[in-house]
2 protein chains.
Amino acid sequence: MQSTQSAMGSGRQARVTIADVARHLGVTKSTVSRALNGYPDIAEGTRLRISRAAEALGYRPLSHAQAIRTGRTRSIGLVLQIDSEDSARPFLADFIAGVTQAASDATWTVTIAAEPTEEKVRSTVGRLIEERKADGFILPRTLCSDPRVELLRDQDVPFIMFGRTEDSRGCAWFDIQGEDAMSGAVARLAALGHTRIAHIPGGPQYFYSQLRIDGFQKGLSDAGLPFSPDLIGAPAMTRNSGARVAHDLLTQATPPTAIVCAVDRAALGVYEAASELGLTVGQDVSLMAYDGLPEGAYATPGLTTYAVDSFAAGSRLAEMLIQLIRGADPEELRELAPPTLVERGSDRPPSLTPAELAQRVIDHHSKQPVQWEDNQ
Amino acid sequence: MQSTQSAMGSGRQARVTIADVARHLGVTKSTVSRALNGYPDIAEGTRLRISRAAEALGYRPLSHAQAIRTGRTRSIGLVLQIDSEDSARPFLADFIAGVTQAASDATWTVTIAAEPTEEKVRSTVGRLIEERKADGFILPRTLCSDPRVELLRDQDVPFIMFGRTEDSRGCAWFDIQGEDAMSGAVARLAALGHTRIAHIPGGPQYFYSQLRIDGFQKGLSDAGLPFSPDLIGAPAMTRNSGARVAHDLLTQATPPTAIVCAVDRAALGVYEAASELGLTVGQDVSLMAYDGLPEGAYATPGLTTYAVDSFAAGSRLAEMLIQLIRGADPEELRELAPPTLVERGSDRPPSLTPAELAQRVIDHHSKQPVQWEDNQ
DNA sequence: GAAAGCTTCGAAACCGGTTTCGGCAAGAAA
DNA sequence: TTTCTTGCCGAAACCGGTTTCGAAGCTTTC
């Protein structure tokens with residue numbers, strides 16, 4: 001019956017096209033197309049007949065054939081920046097799984113790219129736009145002022161950010177409530193009896209770092225604890241810099257008995273610093289952080305942290321982006337999800353006062369001076 | 001001059017199409033197309049004129065417009081299986097970066113999907129084929145007999161495997177030389193003076209596990225060491241199962257003084273088992289493994305391991321797949337790359353004989369019996 | 001009963017490329 | 001000079017969809 005027409009080449013199975021469906025029912029392609037796309041000028045009976053036949057014949061429209069007319073590929077773009085020492089790496093698998101899962105559920109696909117530098121990321125995004133490889137983009141790890149945002153805004157391409165930025169006029173975003181986590185951590189530590197609590201913030205280029213500092217300060221004032229600038233250390237995003245900053249904090253004249261880190265990775269360095277100073281985390285100094293890295297479970301004692309559900313974040317971002325592309329108002333597409341507290345052993349009541357702690361450090365220091373390596 | 005034609009909708013910048021280029025030069029679309037695609041019936045001068053003009057005008061063909069006629073999207077498919085406890089996770093970011101980098105360099109793109117179960121992976125691959133979203137696929141983590149392979153072979157869709165399988169007739173693949181790594185590890189440990197060396201293999205569903213067992217045995221015979229079945233423990237792919245298997249091996253009547261693990265993750269468990277038995281890795285028992293996980297560097301002492309360059313693997317796989325899609329013979333597209341030895345502290349000369357080691361374990365065991373938890 | 005309106009669908013153009021076919025001109029062979 | 005190639009390119013069909021336009025057929029209205 002359908003015969004010759006679609007006898008595509010070498011072995012690959014002949015696809016059933018819209019023309020096949022039309023011929024099978026004795027209608028025209030245009031009728032089939034409109035029926036399947038919900039145009040109002042098709043009789044309900046006809047629509048039913050057509051959609052049933054399409055289903056039965058196994059017809060699947062070719063998204064790139066549609067795209068040539070509609071300009072839409074049903075594909076979401078995800079351009080990652082992966083530098084040699086990427087802090088986002090552990091989340092990535094879950095995040096990608098979430099994004100693709102949600103896309104898949106909507107019969108969309110995800111076009112992914114990874115570039116090492118900000119500049120290359122920009123140009124790749126540009127290329128994907130030019131080639132219309134994606135109908136919209138998810139931007140992970142947004143910076144305070146993000147060049148990708150300008151590019152996409154200029155080109156009028158839909159996008160959604162994972163994380164807020166300073167200026168999010170007309171932008172859709174999804175974020176995790178990092179500020180509440182930080183104030184929650186302070187509240188928890190204060191309830192345990194700590195009175196001098198320090199913070200190690202993340203890199204200033206990330207907007208969330210400021211939010212978490214704000215949350216930290218709010219936590220202090222909520223608990224009625226005094227704030228002083230020396231409670232906030234230098235930014236640290238890696239294990240080693242975390243160790244260095246923790247070392248500085250703990251060798252102050254009045255050291256904190258508890259430290260709240262903006263990111264888990266820095267917290268892993270705090271273990272090192274404590275150990276070098278003859279202190280034990282969870283005993284002499286309490287520690288809380290944020291991210292939920294699996295490595296935190298392997299530390300001794302386990303790191304108490306606020307965990308982010310990256311899978312859920314990715315899948316929600318994909319859903320929201322699809323809505324945006326379908327015409328939703330970006331200002332309506334904004335969501336804030338809470339992280340979940342993972343209680344392990346690194347936060348306990350203080351066993352020493354700050355003064356006693358300082359003495360312990362001095363005693364230990366007199367025995368063995370410390371050297372920090374600069375690699376890793 | 002070009003005016004009205006391509007005044008595409010709302011704000012988004014007007015693309016320059018092949019018709020624009022043709023009009024600009026006073027030739028037809030077909031000439032431009034053939035010139036740009038290297039057809040032999042275009043004069044060299046014309047070809048030059050056209051490609052220069054295309055460059056100058058910023059013309060980029062729309063891959064999905066090309067696809068409608070050619071059937072090719074210039075996109076490679078990557079369908080990952082990500083279950084809740086995925087051992088491949090740490091590699092993933094680098095791997096993806098490698099794949100997309102190589103694709104990007106060839107102005108191809110990567111369409112990615114992630115599914116939790118084997119069945120869903122299969123159906124997603126099927127969908128991507130039906131919708132012609134990818135011209136070929138990279139299959140990571142190949143199983144001994146892999147259902148994806150049958151599917152793709154049936155449909156006559158090009159694909160390349162990361163890892164060999166039992167039956168790789170007509171298949172292209174890229175793999176890392178795990179068997180040589182294992183025999184190299186044995187040779188190294190034998191040279192250090194170990195005479196009783198055990199192996200903890202990976203999951204039997206993975207073909208590489210058998211290869212690595214073979215390599216291990218070859219290492220023993222090369223070193224002139226006797227083999228006995230009790231030198232090979234139960235399979236272990238996780239930290240906890242690694243600990244359990246190591247415990248079994250080390251509590252044998254004649255325990256090994258060195259253990260070679262098929263995967264790093266299991267080796268991390270060996271540290272735990274050793275510590276529970278009152279032994280120190282690198283001192284009482286030597287340890288080598290394979291993968292190159294970053295966590296290995298944080299263990300004490302650092303884990304000596306054969307590291308896989310996932311970025312390079314991904315990028316090579318993408319390059320090879322593109323060649324395959326362009327018509328290369330799959331039997332020619334097979335490559336084996338060596339891992340690189342990362343020397344840290346876990347392999348040292350034996351300090352005890354197996355008999356002395358057994359006695360140490362017995363002495364320690366009489367003091368405190370061991371319980372293994374089953375979570376994590 | 002004719003005009004007007006509505007519903008429903010066919011015909012054909014269109015999207016941006018690729019590919020087939022054929023024709024023209026120049027050069028080679030007869 | 002005529003004929004046959006050969007090189008080069010234009011014309012038009014084609015890929016698989018979407019969308020515009022218009023025209024039937026049926027109702028409704030006056």
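Some points to look at:
- Evaluation of B:G77 against the conditions (1) more than 10 Å from DNA strand C (Cβ to nearest atom); (2) open to solvent by 40 Å² or more (accessible area, probe 1.4 Å); (3) touching a residue at least 40 places away in the same chain (Cβ under 8 Å) shows that the sole unmet condition is (2).
- Flag not set for A:S228, criterion: farther than 30 Å from A:L287 by Cβ, among the hydroxyl-bearing types (S, T, Y) and surrounded by fewer than 19 Cβ atoms within 10 Å (Cβ to Cβ).
- Residues (of a type in the set (D, E) and away from chain A (no Cβ under 11 Å)) located in region B:116-161: B:E118, B:E119, B:D135, B:D146, B:E150
- Scanning region A:341-351 for residues that are surrounded by 14 or more Cβ atoms within 10 Å (Cβ to Cβ) and either charged (D, E, K, R) or free of Cβ contacts under 8 Å to residues at least 60 places away in the same chain (or both) yields a count of 4.
- Taking region B:10-33 as the range and being within 13 Å of DNA strand D (Cβ to nearest atom) and either in the same structural domain as B:I129 (by TED's automatic domain parsing) or open to solvent by 50 Å² or more (accessible area, probe 1.4 Å) (or both) as the test, the residues that pass are B:R23, B:H24, B:G26, B:T28, B:K29, B:S30.
- Residue in region A:198-213 that is of a type in the set (V, I, T) and either in contact with a His (Cβ under 9 Å, 6 or more places away or on another chain) or at pLDDT 95 or above (or both) present: yes
- Near pairs, Cβ below 6 angstrom, 6+ apart or cross-chain, from region A:32-48 (under 20 Å from A:D20 (Cβ atoms)) to any residue that is basic (K, R): A:A35/A:R47; A:I42/A:R34
- Qualifying residue in region A:53-69 (condition: in a loop (DSSP other than H, G, I, E, B), among the polar types (S, T, N, Q) and in contact (Cβ under 8 Å) with a residue 12 or more places away in the chain): no
- Positions within region A:27-68 being within 23 Å of B:T73 (Cβ to Cβ), more than 14 Å from every other protein chain (Cβ to nearest Cβ), within 12 Å of DNA strand C (Cβ to nearest atom) and not small (G, A, S), in sequence order: A:K29
- Complete set of residues in region A:206-225 that are open to solvent by 40 Å² or more (accessible area, probe 1.4 Å) and over 19 Å from the mean Cα position of the chain (by Cα): A:D214, A:Q217, A:K218, A:S221, A:D222, A:A223, A:G224
- Residues of region B:90-113 that are modelled with pLDDT under 90 and at the interface with chain A (Cβ under 7 Å from one of its Cβ atoms): B:L92, B:A93.
- Residue list for region A:34-88, restricted to those being away from DNA strand D (no atom under 16 Å from the Cβ) and aliphatic (A, V, I, L, M): A:L48, A:I76, A:L78, A:V79, A:L80, A:I82, A:A88
- Any pair with Cβ under 9 angstrom, 6 or more apart, that starts in region B:13-27 at a residue that is touching a residue at least 40 places away in the same chain (Cβ under 8 Å) and ends at one that is open to solvent by less than 30 Å² (accessible area, probe 1.4 Å) and within 12 Å of DNA strand D (Cβ to nearest atom): B:I18/B:V32
The values are calculated or read from the model by the stated rules, or taken from the named source; none is laboratory data. All of these numbers come straight from a predicted model, not from anything done at the bench. In this analysis, Cβ positions are derived from the backbone assuming ideal geometry, glycine residues included, and neighbour counts consider all displayed protein chains. Note: areas computed on protein heavy atoms with side chains; ligands, DNA, RNA excluded. Shrake-Rupley method; radii C 1.70, N 1.55, O 1.52, S 1.80 Å.
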